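Below is one structure; the comments refer to it alone.
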Amino acid sequence: MNSGAGDKMVSLDSFKLIGIDVRTTNQAEVSGQGKIGELWGRFWSADVQGALAKAAQEGDARVYGCYTDYENGAAGEYTILIGRMAGQAEDVPVGLTTVHVPAAKYAVFTTRRGPFGEVVHEAWQRIWEWASSSSEWERTYTGDFELYDERSADPENAVVDIYIAVK
């Protein structure tokens, strides 16, 4: 751990993701009225995967869960986009949307290995605790994301990295 700011710190250039999105709140997600689970279900549908095959970066199978357009930090509405790295095509297929993740410094939190729903939830608990107590780093709420790579190919035995934009 690096000064309590995640497992490592990295600086990334901006990049573009393409996928499907929804607006929600943390309160809705923990109350059982959430939309993220349904969004993941839609993401794996044949329609979305077919559209992504035409618009996502070829040969890059990584999946992102990107949190943007925060209304009031962790307390308000935000948009989550589940998708992949955008390809070179300018046209966005019907039903998909894009998001530009700005260049930033990120605190990276890596989950333990386990069922991805469980380990991601645990990591977000750790992130919220860290964000409320950190005096060294402040969240910017400009574009945080979960990265699902080859380590999360088995959803019951996954490792996920969560990138939190900081200043």
Hey, what's the stretch 57-167 come to in accessible area per residue, 1.4 Å probe, Å²? 49 Å²
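What's the local net charge at residue 140, with K and R +1, D and E -1, over the other residues with C-beta under 15 Å away?
The answer is -2.
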So the number of lysine pairs in the chain with alpha-carbon atoms under 20 angstrom apart, 8 or more residues apart or on different chains, is 5
Where the centroid of each part is defined by its Cα atoms, how far is the stretch 110-152 from the stretch 49-107 in Å? 17 Å
Using a basic spin-label model with each label point 7 Å from the Cα along Cα→Cβ, how many nm lie between residue 31 and residue 112? 3.1 nm
Three principal axis extents, largest first, for the C-alpha atoms of the stretch 1-149, in Å? 43, 35, 32
With a ≥ b ≥ c taken as the square roots of the eigenvalues of the C-alpha gyration tensor of the stretch 1-87, please select rounded if a/c is under 1.5 and otherwise prolate if a/b is larger than b/c or oblate if it is not? oblate
Those GluC sites (Glu not before Pro) in the stretch 39-94 that DSSP places in a loop and that have at most 16 other beta carbons within 10 Å: 58, 71, 90
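The values are calculated or read from the model by the stated rules, or taken from the named source; none is laboratory data. These numbers come from a predicted model, not from an experiment. Virtual Cβ from ideal backbone geometry, glycine too; neighbours counted across all protein chains shown. Note: areas computed on protein heavy atoms with side chains; ligands, DNA, RNA excluded. Shrake-Rupley method; radii C 1.70, N 1.55, O 1.52, S 1.80 Å.
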